[in-house]
Amino acid sequence: MNVDYRLAPEHKFPAAVEDAIAATRWVSGHASSLGIDAEKLVVGGDSAGATLAAVVCQDALQNAGPAILLQCLICPVLDFEETSPSRHAFAENHLLDRATLEADLADYLPEGTDPADPRISPLRAVKFAGLPAAIIHTAEFDPLRDEGDAYAGKLLAAGVTVEHTCHDGMIHNFHAMGGILPQGRLVLGQIGEQVRRALDN
């Protein structure tokens, strides 16, 4: 199911985070009536939605639930504290640019909010051990590539199972451009198969 969380600039941080956490807890608590297995919850998203998915998993770890089997992060936004080499290299002319990222962050954050807060920059979390297994897809020419790579590395170092694919020649959110990018259609099929495999284990 898709979560219709509150959006900025009308609803600034932490509104979207609160909605994503509340929705996940609600689904877990109503799993029987929804006809789903509460022990096989998967949270996921792309771009800023992937940020929320990562934050939901970190919140569940900190608060002893709900149980989440898998996190699926596609071209995730994970670090506004430090500018990575890929954010420098692809700051312009690669669909998602620096100006857009800065404008989106300004719309999202109330004045004075620290962008290093792990609910904004999940890469800045202090604990990764115990987080759900992860499927992470990044793109070679995405400004966000390096933070996705770094998040996969932190999860792996903490003993979390990770399937991480960086797609050569692709840009941010290429998976949503299947009409013009055949690789977009292919990766959606790949992600579906990865999720099915995790649920079957």
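The values are calculated or read from the model by the stated rules, or taken from the named source; none is laboratory data. Treat the numbers as computed from the prediction; the structure is a model and nothing was measured. Using ideal geometry, Cβ is built from the backbone for each residue, glycine included, and neighbour counts are taken over all protein chains shown. Side chains included, ligands, DNA and RNA excluded: accessible areas come from the protein's heavy atoms. Shrake-Rupley method; radii C 1.70, N 1.55, O 1.52, S 1.80 Å.
Projected onto the charge dipole of the chain (+1 at Lys/Arg Cβ, -1 at Asp/Glu Cβ, origin at the Cα centre), which of 156, 57, 32 gives the Cα projection farthest towards the positive end?
32
Output the relative contact order of segment 4-83, whole-number percent, from Cα pairs under 8 angstrom with separation of 6+ residues. Can you show the working numbers first?
Working: 100 pairs, mean separation 22.8, N = 80.
Over segment 4-83, the number comes to 28 percent.
Please identify the DSSP H helices in the chain that span no less than 30 Å along the helix axis (Cα) and have a mean Kyte-Doolittle hydropathy of 1.6 or more. Could the numbers behind the result be given before it?
Working: long enough: none.
Sorted by number, there is nothing, because no helix extends far enough and scores high enough.
Take residue 63 and residue 106, extend 7 Å from each Cα along the Cα→Cβ direction, and tell me the distance between the two endpoints in nm.
3.2 nm
Got the relative contact order for the chain handy, in percent, Cα pairs under 8 Å and 6 or more residues apart?
Working: 335 pairs, mean separation 38.7, N = 201.
Relative contact order of the chain: 19 percent.
At a 1.4 Å probe, what is the % contribution of carbon and sulfur to the accessible area of the chain? Provide the component values of the computation, followed by the final result.
Details: 5370 of 10070 Å².
Summing carbon and sulfur atoms, their accessible area is 53 percent of the total for the chain.
Where in segment 109-171 are there GluC sites (Glu not before Pro) that are in a DSSP coil and have at most 16 other Cβ atoms within 10 angstrom of their Cβ?
On the way: sites: 111, 140, 147, 163; in loops: 111, 140.
The qualifying sites are 111, 140.
What does the helix-only formula give at 222 nm for the chain: each DSSP H stretch with n ≥ 4 adding -39500 (n - 2.57), the total divided by the residues, and the result rounded to the nearest 500 deg cm²/dmol? Each step should come with its number before you reach the end.
Values: 7 runs with 82 residues, N = 201.
Counting only the DSSP helices, I get -12500 deg cm²/dmol.
On a C-alpha basis, how far is the centre of segment 76-97 from the centre of segment 124-201 in Å? Whole number, if you could?
Cα centroid to Cα centroid, the span is 16 Å.
Can you work out the accessible area per residue across segment 1-130, with the rest of the protein chains kept in place, probe 1.4 Å, in square angstrom? Walk me through the intermediate numbers first.
Details: 6880 Å² over 130 residues.
Here the per-residue accessible area is 53 Å².
Looking only at the chain, where both bridge partners belong to it, what percent of the DSSP beta bridges are antiparallel (to the nearest 5)? It would help to have the intermediate numbers written out before the result.
Details: 0 of 16 bridges.
Of all bridge pairs located within the chain, approximately 0 percent are antiparallel.
Please get the size of the charge dipole for segment 84-130, origin at its Cα centre, with Cβ charges of +1 on Lys and Arg and -1 on Asp and Glu, quoted in debye to the nearest 20. If you can, show how the numbers build up before the last one.
Numbers: 5 positive and 8 negative charges, 74 e Å.
Dipole of segment 84-130, to the nearest 20 debye: 360 debye.
Per 0.36 nm of contour for each residue apart, how much would the distance between residue 81 and residue 2 grow if the chain were fully extended, relative to their Cα-Cα spacing?
Details: separation 79, 0.36 × 79 = 28.44 nm, distance 2.82 nm.
Computed gain between residue 81 and residue 2 is 25.6 nm.
Once you charge only the Cβ atoms, +1 for Lys and Arg and -1 for Asp and Glu, what is the size of the charge dipole of segment 47-128 about its Cα centre, to the nearest 20 debye? Write out the running numbers ahead of the final one.
Values: 5 positive and 12 negative charges, 81 e Å.
Approximately 400 debye in magnitude.
Under a 1.4 angstrom probe, counting protein chains only, how are 47, 33 ranked by accessible area, largest first? Write out the running numbers ahead of the final one.
Numbers: 47 25, 33 95 Å².
Final ranking, largest accessible area leading: 33, 47.
From Cα coordinates alone, what are the radius of gyration and Dmax values for the chain in angstrom?
16.3, 48
With all protein chains present, calculate the accessible area of residue 34 using a 1.4 Å probe and round the result to the nearest 10 Å².
Approximately 70 Å² for this residue.
With +1 on each Lys and Arg Cβ and -1 on each Asp and Glu Cβ, how big is the dipole of segment 1-146 about its Cα centre, in debye rounded to the nearest 20?
Working: 10 positive and 22 negative charges, 104 e Å.
Here the size comes out at about 500 debye.
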